Amino acid sequence: QVQLVESGGGLVQAGGSLRLSCAASGSISSITAMGWYRQAPGKQREFVAGTRSGGIVNYADSVKGRCTISRDNAKNTVFLQMNSLELEDTAVYYCNALGLSRNYWGQGTQVTVSS
């Protein structure tokens with residue numbers, strides 16, 4: 001089992017920045033990739049950014065150039081630095097870990113961007 005705990009969400013004005021954190025615990029060695037997803041009200045959950053072994057990262061087109069995903073392996077933590085936030089970035093952000101046989105999800109952290 002893997003447990004994921006997100007933090008760092010909040011209320012920010014458009015154009016501002018936030019840094020989300022996701023701390024993983026449990027069967028860390030089973031994790032092959034980690035990433036961030038988000039779900040806005042009335043919309044489906046969507047991929048935001050991901051990282052996997054070898055330092056490979058990828059981003060959704062909607063956040064490319066504005067967000068950076070990074071990983072601190074010593075602390076089993078994944079970060080999502082979000083800059084130039086837009087109203088459309090308002091959503092609950094979920095941390096995801098891909099294990100050997102299943103996906104794990106955190107409880108989510110709310111990001112609200114105001115005008």
Estimated vicinal HN-Hα couplings, Hz - the stretch 40-55 in sequence order (Karplus 6.51, -1.76, 1.60; Gly, Pro = x): 8, x, x, 10, 7, 5, 10, 5, 10, 7, x, 9, 9, 4, x, x
Debye intensity ratio I(q)/I(0), log10, the stretch 23-73, q values 0.15 Å⁻¹ (C-alpha model): -0.48
Amide H within-cut-off set for G16, under 5 Å, with H built and near neighbours excluded: L85
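In nm², what is the average projected area of the convex hull enclosing the Cα atoms of the stretch 34-115? Intermediate results must be reported in sequence, preceding the final value.
Working: hull surface 24.2 nm².
One quarter of the hull surface, i.e. the mean projection, equals 6.1 nm².
Can you bin the stretch 1-41 into rounded, prolate or oblate? Criterion: square roots of the alpha carbon gyration tensor eigenvalues sorted a ≥ b ≥ c, rounded for a/c under 1.5, prolate for a/b above b/c, oblate for the rest.
Working: a/c = 2.88, a/b = 2.43, b/c = 1.19.
Taking the square roots of the gyration eigenvalues as a ≥ b ≥ c, the stretch 1-41 is prolate.
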Residue-wise HN-Hα coupling along the stretch 100-111, computed from phi with Karplus coefficients 6.51, -1.76, 1.60 (Hz; x: Gly, Pro): 5, 9, 7, 8, 10, 10, x, 7, x, 9, 7, 10
Accessible surface of R71 - all protein chains present, 1.4 Å probe, nearest 10 Å²: 90 Å²
Probe 1.4 Å, all protein chains present, accessible-area order of R45, R66, largest first: R45, R66
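So if each residue of separation counts as 0.36 nm, and I subtract the Cα-Cα distance between S62 and R19, what length gain in nm does that give? List each step's numbers first, then the result.
Values: separation 43, 0.36 × 43 = 15.48 nm, distance 1.72 nm.
Roughly 13.8 nm would be gained on extension.
Round to a whole number: what % of the accessible area of the chain belongs to carbon and sulfur, probe 1.4 Å?
Numbers: 2950 of 6070 Å².
Carbon plus sulfur share of accessible area: 49 percent.
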Nearest-10 value in Å² for the accessible area of I28, using the 1.4 Å probe: 40 Å²
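Compare L11, L85 by solvent-accessible area with a 1.4 Å probe and give them largest first, with all protein chains kept in place. Walk me through the numbers on the way to the answer.
On the way: L11 130, L85 5 Å².
The ordering from most to least exposed comes out as L11, L85.
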Residue-normalised accessible area of the chain, expressed per residue, 1.4 Å probe, Å²: 53 Å²
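The values are calculated or read from the model by the stated rules, or taken from the named source; none is laboratory data. Note that the structure is predicted; figures quoted are calculated from it, not measured. Remember, those area values only see protein heavy atoms, side chains included, never the ligands or the DNA or RNA. Shrake-Rupley method; radii C 1.70, N 1.55, O 1.52, S 1.80 Å.
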